[in-house]
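Taking it in order: structure first as structure tokens, then the write-up.
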Amino acid sequence: MAGARSLLADASPPSPALLARPPLEVAPWLLGTILVRRDRRGEVVAAGRIVEAEAYGGADDPASHAARGPTARNGTMFGPPGRLYVYFTYGMHWCCNVVAHRPGEAGAVLLRALEPLLGEDRMAARRPRARRPQDLTAGPARLTQALDLDGRLDGVDLLDPGAPVGLLDDGWRPASWLACRRIGIRQAADRPWRFVVPGSAYLSRPPTLA
């Protein structure tokens, strides 16, 4: 616990310019950064290092929510980079994304898996059926449940130190990353826009290369 607190004390929000790039560039860059959950006092109560992220573009990506233009559901994808885009899927799960795109465009990076750093007990309480530490945050719906993220947080500025959800960078990055096919979609599933930390025990699924 003390080690995690010290690590977070040395981390800070990334520059907005780093997220004002195409999702395909931002997704691998996000590997190793830290997603944090804060309480009402602004104290970090849970945190995890991103080990799996999936890029979604705009009009150029038929699998993206933004492919057909802005709607009430996807409006955050067209807003400022660095915001949290949260959506409901399959009538039962929340998923969260980091908005990332060039000016005048749309896009986001789906967060698919985290390696817990802080607040595992809190995560376990929210996911009582998880049998292993890996089961807490290995999957987009699992991590939102573990960190208590839902539609009320859609549009939150992840770079605001006082926001209930934040993105931090302590400078750590994996020695390598792997690009593989996206999963859970029907259109453009063959695009290698899913990025993972090889060998991580917290991946939602093994890399899909073909």
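The values are calculated or read from the model by the stated rules, or taken from the named source; none is laboratory data. Remember, predicted model here, so these are calculated numbers, not experimental data. Please note: Cβ atoms are built from the backbone with ideal geometry, for glycine as well, and neighbour counts cover all protein chains shown. What goes into the accessible areas is simple: the full protein's heavy atoms, side chains included, and nothing from ligands, DNA or RNA. Shrake-Rupley method; radii C 1.70, N 1.55, O 1.52, S 1.80 Å.
Selection over the stretch 48-62 of residues that are open to solvent by less than 20 Å² (accessible area, probe 1.4 Å) and more than 12 Å from the chain's Cα centre (by Cα) gives a count of 3. Selection over the stretch 91-138 of residues that are among the β-branched types (Val, Ile, Thr) and under 17 Å from Tyr202 (Cα atoms) gives a count of 1. Selection of the stretch 120-131 for residues being open to solvent by 10 Å² or more (accessible area, probe 1.4 Å) and within 14 Å of Leu35 (Cα to Cα) yields only Glu120. With respect to Ala46, is the statement that it is at pLDDT 95 or above and closer than 25 Å to Leu178 by Cα true? No; evaluated as a whole, the condition is false for this residue. Can you name every residue in the stretch 40-76 that is of a type in the set (Asp, Glu), over 28 Å from Gly162 (Cα atoms) and out of contact with any Lys or Arg (no Cβ under 9 Å at 6 or more places or on another chain)? If the condition is that a residue be of a type in the set (Asp, Glu), over 28 Å from Gly162 (Cα atoms) and out of contact with any Lys or Arg (no Cβ under 9 Å at 6 or more places or on another chain), then Asp60 is the only one that fits.
Inspection of the stretch 184-200 finds a residue satisfying the criterion of being surrounded by 13 or more Cβ atoms within 10 Å (Cβ to Cβ), among the hydroxyl-bearing types (Ser, Thr, Tyr) and assigned to a loop (DSSP other than H, G, I, E, B). Every listed requirement among (1) charged (D, E, K, R); (2) over 30 Å from Asp39 (Cβ atoms); (3) modelled with pLDDT of 95 or more is met by Arg205 save one, (3).
Got at least one residue in the stretch 66-82 being under 19 Å from Ala189 (Cα atoms) and crowded, with 22+ Cβ neighbours inside 10 Å? Looking for residues that are under 19 Å from Ala189 (Cα atoms) and crowded, with 22+ Cβ neighbours inside 10 Å, one finds at least one in the stretch 66-82, hence yes.
Filtering the stretch 154-182 to residues that are under 15 Å from the mean Cα position of the chain (by Cα) and open to solvent by 20 Å² or more (accessible area, probe 1.4 Å) leaves Asp154, Gly155, Val156, Asp157, Leu159, Pro164, Asp169. Scanning the stretch 3-22 turns up no residue that is closer than 20 Å to Arg182 by Cα, among the aliphatic types (A, V, I, L, M) and crowded, with 24+ Cβ neighbours inside 10 Å.
Residues checked against (1) surrounded by fewer than 22 Cβ atoms within 10 Å (Cβ to Cβ); (2) farther than 20 Å from Leu31 by Cα; (3) acidic (Asp, Glu):
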{"residue": "Arg102", "(1), (2), (3)": "yes, no, no"}
{"residue": "Ala106", "(1), (2), (3)": "no, yes, no"}
{"residue": "Ala141", "(1), (2), (3)": "yes, no, no"}
{"residue": "Tyr202", "(1), (2), (3)": "no, no, no"}
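Thr89 fulfils the conditions (1) touching a Leu at 6+ places or on another chain (Cβ under 9 Å); (2) surrounded by fewer than 22 Cβ atoms within 10 Å (Cβ to Cβ); (3) among the hydroxyl-bearing types (Ser, Thr, Tyr) except for a single criterion, (1). The criterion of at least 1 residues that are touching a His at 6+ places or on another chain (Cβ under 7 Å) and in contact (Cβ under 8 Å) with a residue 40 or more places away in the chain is met, among helices (runs of 4 or more DSSP H) falling completely within the stretch 82-172, by 140-146.
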